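Read the structure below first, then the notes.
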Amino acid sequence: MSASVSDQPWLTDPATRAVLDALEAVGGPDCARFVGGCIRNALMGQTVDDLDLATRLLPEVAMAALQKAGLKVVPTGLAHGTVTAVSKGRPYEITTLRRDVSTDGRNATVAFTDDWAEDAARRDFRLNALYADAEGQVFDPTGQGVEDAREGRIVFVGDPETRIREDYLRILRFFRFFAWYGRGEPDAAGLKACADLSEGMIRLSAERVSKELLKLLAAPDPRPAVRAMAGAGVLARILPEAGEVAAFEVMVGLADDPALKLSALLSSDPAKVEAAAKRLRLPNAMRDRLLAAAGGEVELATDARAARALIYRLGKPTFADRVLRAEAQTNRPGAGAALLDLADRWPVPRLPVGGRQVAAAGLAAGPLTGQVLAAFENGWIADDFPDHGHAERLKALIEALPASGG
């Protein structure tokens, strides 16, 4: 199936042409082609963010050619043939054509080649094994990558089990790409291979797993992919703390935030949330957010006065997370809209008194100051944050202290 990406603005961008001209000055015409995501996304009508190229030139030769042209070059992965050129501030990842010599399920030993078909054969999915020359003509070595891109099919290159045994991360990539680009049902052969070989994911680092999972959850609608993961037993492998996906399915319609989607997959048990965050080695900020979101329920029927107290104590972000979790868990999307609106509009007041005001009310500085301030704050919250009568309230609290503490 013939295809072209000649209408893409990045193809004729002066920064892009500078990179191509530098490589072709040494390797001749068609020594480098665009590859992978930029071609896939262009064919699917999606935004192109990263520009990757494959080249027949050895990495050292490519580096020298780019430097000779005055471009900045970073040796980002020389062992695997990858350098990054920076042209007018834009990075271009350039990798020498490769074939796998050996793999262990995590890392591959590669040999360089000048054969485009060999390079395509080691890639994960057919829609990622697409190349385009400087004029935008698309080359499809597997013969089905263009059609897959146009039809939204995520199909492994060659035998699915072989591709997975080369790198077990491809199991998660199968579901992640399906979440972002797939349509219809997942490829049956690929899905079976993922299910059959899911135990091999134990070889993967926590960081690689969490990165793929969060990328998957960032998709506009990851629900079909997560359903497929659950059905294949893959979700239980990487997230044994996940419960039923019903709340997650509701949350997808409520929030774009992948952290909230992950929160909805987890139970309200802080111990399980902590365990999941630790095993996935999530950033501390995300761990803390997940724990806070699962730290207590918010009644969707909460009145405004009680809601203000919660917003004050929890902070607006945690309050909003808990409201959305409550909507998802009770399958009542929109039921907390008034609470979320209140949290958005209400200016949270600061505690209007401190140690100086306590001293002015007649209590010498000391350990009882904190006790009085805590009692004042509790009463102030209970009375819905009045903006007057603070001196009188402090005086009454001090007078109520035991005589020995006055």
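Could you please find all residues in the stretch 242-283 being polar (S, T, N, Q) and either more than 15 Å from the chain's Cα centre (by Cα) or at pLDDT below 95 (or both)? Lay out the reasoning, then the answer.
Filtering the stretch 242-283 for residues polar (S, T, N, Q) gives 263, 267-268.
Once the filter is applied, which keeps residues that are polar (S, T, N, Q) and either more than 15 Å from the chain's Cα centre (by Cα) or at pLDDT below 95 (or both), the stretch 242-283 yields 267, 268.
Within the stretch 325-353, how many residues are in contact with a Gly (Cβ under 7 Å, 6 or more places away or on another chain) and among the hydrophobic types (A, V, I, L, M, F, W, C)?
At the first step, the residues of the stretch 325-353 found to be in contact with a Gly (Cβ under 7 Å, 6 or more places away or on another chain) are 326-327, 333.
Going one step further and asking which of them are among the hydrophobic types (A, V, I, L, M, F, W, C), we end up with 326.
Of the residues in the stretch 325-353, 1 are in contact with a Gly (Cβ under 7 Å, 6 or more places away or on another chain) and among the hydrophobic types (A, V, I, L, M, F, W, C).
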Residue tally, condition out of contact with any Pro (no Cβ under 8 Å at 6 or more places or on another chain) and either farther than 17 Å from residue 318 by Cβ or β-branched (Val, Ile, Thr) (or both), over the stretch 233-257: 17
Exclusive hit being buried (at least 22 other Cβ atoms within 10 Å of the Cβ), touching a helix residue (DSSP H, G or I) at 6+ places or on another chain (Cβ under 6 Å) and free of Cβ contacts under 8 Å to residues at least 40 places away in the same chain, set 57, 66, 51, 78: 57
Residues (under 18 Å from residue 387 (Cβ atoms) and free of Cβ contacts under 8 Å to residues at least 24 places away in the same chain) located in the stretch 333-355: 345, 347, 350, 354
Which listed residue, of 384, 321, is at pLDDT 95 or above and exposed (fewer than 14 other Cβ atoms within 10 Å of the Cβ): 384
Count of the stretch 338-374 residues which are out of contact with any helix residue (DSSP H, G or I) (no Cβ under 9 Å at 6 or more places or on another chain) and in a helix (DSSP H, G or I): 4
Tabulated pairs, the stretch 262-290, first among the aromatic types (Phe, Trp, Tyr), second assigned to a loop (DSSP other than H, G, I, E, B) and open to solvent by 40 Å² or more (accessible area, probe 1.4 Å), C-beta under 6 angstrom, 6+ apart or interchain: none
Residue match in the stretch 138-147 (condition: open to solvent by 50 Å² or more (accessible area, probe 1.4 Å), in contact with a strand residue (DSSP E or B) (Cβ under 6 Å, 6 or more places away or on another chain) and either modelled with pLDDT under 95 or not in a loop (DSSP other than H, G, I, E, B) (or both)): yes
Count - residues of the stretch 148-162 that are among the basic types (Lys, Arg) and surrounded by fewer than 22 Cβ atoms within 10 Å (Cβ to Cβ): 1
Selected residue (criterion: nearest to residue 304 (Cα to Cα)) from residues of the stretch 375-396 that are assigned to a loop (DSSP other than H, G, I, E, B) and touching a residue at least 24 places away in the same chain (Cβ under 8 Å): 384
Checklist (1) of a type outside the set (Gly, Ala, Ser); (2) in contact with a Phe, Trp or Tyr (Cβ under 7 Å, 6 or more places away or on another chain); (3) modelled with pLDDT under 95 applied to residue 33, failing item: (3)
Long-range neighbours under 8 Å by Cβ, at least six apart or interchain, first residue farther than 23 Å from residue 284 by Cα within the stretch 207-225, second open to solvent by 60 Å² or more (accessible area, probe 1.4 Å) and not in a helix (DSSP H, G or I): 220/256
Pick from the stretch 284-298, criterion modelled with pLDDT of 95 or more and not hydrophobic (A, V, I, L, M, F, W, C), ranking: surrounded by the most Cβ atoms within 10 Å (Cβ to Cβ): 289
Residue under evaluation residue 299, criteria (1) touching a residue at least 40 places away in the same chain (Cβ under 8 Å); (2) farther than 27 Å from residue 238 by Cα, criterion not met: (1)
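Here's the yes/no breakdown for (1) among the aliphatic types (A, V, I, L, M); (2) crowded, with 20+ Cβ neighbours inside 10 Å; (3) assigned to a helix (DSSP H, G or I):
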{"site": "190", "(1), (2), (3)": "no, yes, yes"}
{"site": "202", "(1), (2), (3)": "yes, no, yes"}
{"site": "213", "(1), (2), (3)": "yes, yes, yes"}
{"site": "244", "(1), (2), (3)": "no, no, no"}
{"site": "251", "(1), (2), (3)": "yes, yes, yes"}
{"site": "255", "(1), (2), (3)": "yes, no, no"}
{"site": "264", "(1), (2), (3)": "yes, yes, yes"}
Extreme residue, nearest to residue 83 (Cα to Cα), among residues of the stretch 1-24 that are in a loop (DSSP other than H, G, I, E, B) and of a type outside the set (A, V, I, L, M): 13
Residue within the stretch 111-127 that is among the β-branched types (Val, Ile, Thr) and crowded, with 20+ Cβ neighbours inside 10 Å present: no
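State yes or no: is residue 234 crowded, with 17+ Cβ neighbours inside 10 Å, β-branched (Val, Ile, Thr) and touching a residue at least 40 places away in the same chain (Cβ under 8 Å)?
Values: crowded, with 17+ Cβ neighbours inside 10 Å: yes; β-branched (Val, Ile, Thr): yes; touching a residue at least 40 places away in the same chain (Cβ under 8 Å): yes.
Here the answer is yes, as residue 234 does meet what is asked.
The values are calculated or read from the model by the stated rules, or taken from the named source; none is laboratory data. Since the structure is predicted, the reported quantities are computational estimates derived from the model, not experimental observations. So basically every Cβ, Gly included, is an ideal-geometry build from the backbone, and we count neighbours across all protein chains shown. When the accessible area is computed, the model is the full protein with side chains, heavy atoms only, and any ligands, DNA or RNA have been set aside. Shrake-Rupley method; radii C 1.70, N 1.55, O 1.52, S 1.80 Å.
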